Amino acid sequence: MEKLKKFLLAEKEIPENWYNIQADMPNPTLPPLHPGTLQPVGPQDLAPLFPMELIKQEVSKERWIGIPEEVRDIYRMWRPSPLYRAYAFEKLLDTPAKIYYKYEGGSPAGSHKPNTAVPQAYYNMKEGVKRLTTETGAGQWGSALSFACNHFGIDLEIYMVKVSYDQKPYRKFMMNVWGAKVFSSPTNTTESGRKILAEDPNSPGSLGIAISEAVERAITAGNTKYSLGSVLNHVLMHQTVIGLESIKQFELAQDFPDVVIGCFGGGSNFAGISFPFLGLNFREGKKVRCIAAEPSSCPKLTKGQFRYDFGDTAGFTPLIPMYTLGHTFIPESIHAGGLRYHGAGALVSQLLKDKLIEAQDFHQLECFDAGIKFARTEGIIPAPESTHAIACAVKEALIAKEEGTPKTILFNLSGHGYFDMSAYDSYLSGKLVEHRLTEKELHADLNKLNTPLIP
C-alpha cells in the first residue's frame, strides 16, 4: 500500500449528482444585468441562447443537481478519472509535501472539458436544437463539444482564436473529425468579426472576440443555440465531478489535502477540483486552501477590477459581476490559449472577493519549466494550461521544504499536451519569450470601461 500510486473508483462510484456551490456560499453572487436595460436578466433573456434546463441550473440554489443517466453512460468512457500520488516529482523537489494530481487527460478530447460538453449537448438535444455555436481558445473546449455534438446528432460551428488556430492545427483537425466546422476568429463572416478586422487586420484574436462571433451567429441563425465552456454557473457545476471523485479517492488513500490547486482561465477546471472541497469548508469546517493559478500576462484575479463587465468583446452577453481586465483586453499570444480570457466567472469572483479562495499568477517560462520537470518524473506531458497548476504546486511544495512542515497538495492536471508539442519545442530551443504586462497595458482597457463598479 505504501507505494500505491493510483487510486481508482468503480464505475458505480461516478457521481450521481453535480454539486452546486450556490447552496452553501456565505454571500450570493450579484445578478447578471441585461446589456441594454442594466436590469437583472430573467429566463426569457437567456432563452434565445440556452435550453431551459441549463437556465434553471444557472440560477438554482439546490445543493445537488441530478446527472441524467444518459450523461453518466457517456461519462463511463473515461470516468472515474484516476488520482495519482506524484512520488517521483516529490523526490525531485526534495520536499516533505505529498503531491497528488487528478488526471483528466484520459477523456476522448484529452481534457476535463467533456464533463460539461456532454450534458450541454444532451440538454440541447432534448429541446430539439439542431445546431450549436461556440468559441474555443486552445481547442480543448472545441474538441470536447465536437465530440458531444457528434454523439447527439447536433451540428456545430466553432470560432477558434486565431493565434491558437495557427499554433495548434491538430486540434482543428480533431474537431473536423467529429464533424464540426471551425473558423479562425476574428472572421469576415460576422459583423463583430469584421469590426475587429477593420480596426486591426492582424488581430491575434481573443476568447472575448470569439465569444462575440459565436453569440452573434446563434442569435441570427435559425434553430441555433450557443454553448460556453467556462465562466457560467452551470458550466462550473458540471465540472464538480472532478472534486467529488477526488474526495472519495482520498478516503481510499486515507489522506486529505491541505491545498487544492487548479489553473484558471474562466473558472471551469479550478471550480471542478475545488468547489466540492470548499463545500466541506462551508458545511464541515474544513480548512482546505484553494488556489487559482493564472498567467501573469492575463492576471484578472490578481490584478483586475471587481466590477460588472461583458463576457465578450462586442458586448452581446449580459454584464457579469466579475474580476476583469476589460472586455476589450487582448492578451499576449501565450501558448496557454485556454487561459487567455479577460474575465472570471461570477462564482469564483465572489469567492475571491470574500477571501474564501486565493489567486496567484505565474510567468510562461516558469510554467513550462515546471511542466518539463513533471513530465520527466511522472511521464505525462501536461497541457500548457495545466503547467500553471503544476508551477503553483511546486511553489507550495518548496515552501513546505523551506518551513520543514509536511503538507498534502492536490492539483488538477486538466489535460495532456500531446497537441502542444510546438510549444514545448519553442521552450526547449530557447525561442519561447517571456511577456511581462506593463502597468500601462494593465490599465488601458480598464480605463475604457463605463460599466458599473461594485463596492
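Observations on the model:
- With respect to the conditions (1) crowded, with 24+ Cβ neighbours inside 10 Å; (2) free of Cβ contacts under 8 Å to residues at least 12 places away in the same chain; (3) of a type in the set (Asp, Glu), GLU294 lacks only one, and its number is (2).
- Of residues in the stretch 259-291 being in contact with a Lys or Arg (Cβ under 9 Å, 6 or more places away or on another chain) and in a loop (DSSP other than H, G, I, E, B), the one modelled with the lowest pLDDT: GLY265
- Residue in the stretch 13-32 that is among the hydrophobic types (A, V, I, L, M, F, W, C), touching a helix residue (DSSP H, G or I) at 6+ places or on another chain (Cβ under 6 Å) and either at pLDDT below 95 or loosely packed, with under 15 Cβ neighbours inside 10 Å (or both) present: yes
- Of the residues examined, PRO82 is not one that is modelled with pLDDT of 95 or more and in contact with a Pro (Cβ under 8 Å, 6 or more places away or on another chain).
Let's see how each residue does on (1) part of a strand (DSSP E or B); (2) closer than 19 Å to ALA47 by Cα; (3) not aliphatic (A, V, I, L, M):
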site	(1), (2), (3)
ASN115	no, no, yes
ASN124	no, yes, yes
VAL129	no, yes, no
LEU132	yes, yes, no
GLY142	no, no, yes
ASN150	no, no, yes
TYR159	yes, no, yes
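- Considering the stretch 247-258, the residues that are touching a helix residue (DSSP H, G or I) at 6+ places or on another chain (Cβ under 7 Å) and in a helix (DSSP H, G or I) include one that is farthest from ALA271 (Cα to Cα), namely LYS248.
- Helices (runs of 4 or more DSSP H) enclosed by the stretch 361-455 - at least 2 residues per element that are at pLDDT 95 or above: 364-378, 386-403
- Qualifying position, being touching a residue at least 40 places away in the same chain (Cβ under 8 Å), crowded, with 16+ Cβ neighbours inside 10 Å and either among the small types (Gly, Ala, Ser) or not in a helix (DSSP H, G or I) (or both), among VAL163, VAL231: VAL231
- Scanning the stretch 52-85 for residues that are in contact with a His (Cβ under 7 Å, 6 or more places away or on another chain) and within 22 Å of MET25 (Cα to Cα) yields a count of 3.
- Taking residues in the stretch 426-452 that are more than 23 Å from PRO384 (Cα to Cα), and partners anywhere that are among the polar types (S, T, N, Q), the pairs with Cβ atoms closer than 7 Å and at least 6 places apart or on different chains are ASP445/THR328; LEU446/GLN305; LYS448/THR328.
- Number of positions in the stretch 174-192 that are touching a strand residue (DSSP E or B) at 6+ places or on another chain (Cβ under 9 Å), assigned to a helix (DSSP H, G or I) and either modelled with pLDDT under 95 or exposed (fewer than 14 other Cβ atoms within 10 Å of the Cβ) (or both): 1
The values are calculated or read from the model by the stated rules, or taken from the named source; none is laboratory data. Nothing here was measured: the structure is a model prediction, and the numbers come from that model. Glycine also receives a Cβ, built like all others from the backbone with ideal geometry; neighbour counts cover every protein chain displayed.
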